[in-house]
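The values are calculated or read from the model by the stated rules, or taken from the named source; none is laboratory data. None of the values given here were measured: they were computed from a predicted structure. Cβ coordinates were reconstructed from backbone atoms using ideal geometry, including for glycine residues, and neighbour counts include every protein chain displayed.
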């Protein structure tokens, strides 16, 4: 709210707008539609996310400006609505908006709650002309187009400001580990059994690649989120909203958030379906699968550390056990894994919600709002924590790595092209039975000289196939 507006209120009533609103006379800012929503939908304890409410309230301001620009509303009414919105956004008191998630599937309850609160505050500014929630605050809008528009905007913002930056930091952290572990040769494993040698850096390069691809997927999905159905009003025809009003509003919204939003080509589609949100949820589920794989692998590699694999060492952040002193548990991996499971569960709910586009309206939008925002925020928070308190401090355990590498005989894969698969397998069997080394079995049976076997089984050659191929040229 402008300073002039606040001074006007002090002159008119001897108190600031904030004081007047908080007085007993004005303690309840919403109206009868909100009261009905509170009465008939007092279900659970899930409320609308503050970021979503901020975007929805901001759209009300932009629509008031647009309606005034094209002569649809009295400038005094528009000015009062704009100042009321500024007051709400400045105060950041979301107790004004008590409607719960589990309400009408169009989100009309929360839309009317916002309309009524803005109207109530706006009416403290003017006396002769009444600001009405439906006629003025909701002018050129419907819950059916403004709720999905706000959802697309807030998810785009959260992706750009929270999740993707944290993923980019994770990619950098994994790249650092790839370089740090580049020369550490270890046993690769498939089916949780010894496979061929690899470097620890190569193992972490796979994690890095997964995160890099997930960032690309999210950025690609974001392009569809930037297409909004604002201006479609009830079902997509745009009744009661001149196209220039919504076009102007979308331009202004793009400036406010510094993100290029555009009107959907087919508004009927944007109101009757929520395909862009379902797509994003699918990408978040894919990300969750990648993160869960990374967290699980790191947990396995750090197991023990003395009675397990113990190839990497966790940073000792906190007491891992209430009964066993000095125990260091994979707590960050576990927290991240639980988040991933929640995101996968949210995706199931979102998928089912996306199916509820019956005829001209999707009627599961509050559920979509709750779950998609929760998934984005949980992932952003858990990735930040995992980066800072796990990845950053990971160290290799060279003693264990070398121990397992020296015991494993899976490098023999490199000489099967000379001896043959079946014959190599027989030599391994004989080695076990005779309690001899596999190298001795190969040399004794006259397949290769001892020097040639050692050269071909040199780990630095085994982890680089181009070098390995030159051995046979």
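Selection over segment 396-410 of residues that are in a helix (DSSP H, G or I) and either modelled with pLDDT under 85 or closer than 12 Å to residue 189 by Cα (or both) gives a count of 5. Being surrounded by fewer than 16 Cβ atoms within 10 Å (Cβ to Cβ) and outside any loop (DSSP other than H, G, I, E, B) holds for only one residue in 293, 285, and it is 293. Going through segment 256-278 one residue at a time, which ones are surrounded by 18 or more Cβ atoms within 10 Å (Cβ to Cβ), part of a helix (DSSP H, G or I) and within 24 Å of the chain's Cα centre (by Cα)? Scanning segment 256-278 gives 270, 271, 276, 277, 278. Screening segment 376-416 for residues that are free of Cβ contacts under 8 Å to residues at least 24 places away in the same chain and touching a strand residue (DSSP E or B) at 6+ places or on another chain (Cβ under 9 Å) and picking the one that is farthest from residue 277 (Cα to Cα) gives 407. Looking at segment 329-350, can you tell me whether even one residue there is farther than 30 Å from residue 203 by Cα and surrounded by fewer than 22 Cβ atoms within 10 Å (Cβ to Cβ)? Within segment 329-350, one or more residues are farther than 30 Å from residue 203 by Cα and surrounded by fewer than 22 Cβ atoms within 10 Å (Cβ to Cβ). Reported count of residues in segment 282-316, each being free of Cβ contacts under 8 Å to residues at least 40 places away in the same chain and in contact with a helix residue (DSSP H, G or I) (Cβ under 6 Å, 6 or more places away or on another chain), is 1.
Among the residues that make up segment 417-430, is at least one of them modelled with pLDDT under 80 and touching a strand residue (DSSP E or B) at 6+ places or on another chain (Cβ under 9 Å)? No, the conditions are met nowhere in segment 417-430. Of the helices (runs of 4 or more DSSP H) that lie entirely inside segment 99-190, those containing 3 or more residues that are at pLDDT 95 or above, in contact with a strand residue (DSSP E or B) (Cβ under 7 Å, 6 or more places away or on another chain) and buried (at least 17 other Cβ atoms within 10 Å of the Cβ) span 143-158. Residue count for segment 355-377 under the criterion of being in contact with a helix residue (DSSP H, G or I) (Cβ under 8 Å, 6 or more places away or on another chain) and part of a loop (DSSP other than H, G, I, E, B): the result is 3. For segment 386-395, the candidate set comprises residues that are out of contact with any helix residue (DSSP H, G or I) (no Cβ under 8 Å at 6 or more places or on another chain) and part of a helix (DSSP H, G or I); within that set, the residue that is surrounded by the most Cβ atoms within 10 Å (Cβ to Cβ) is 388.
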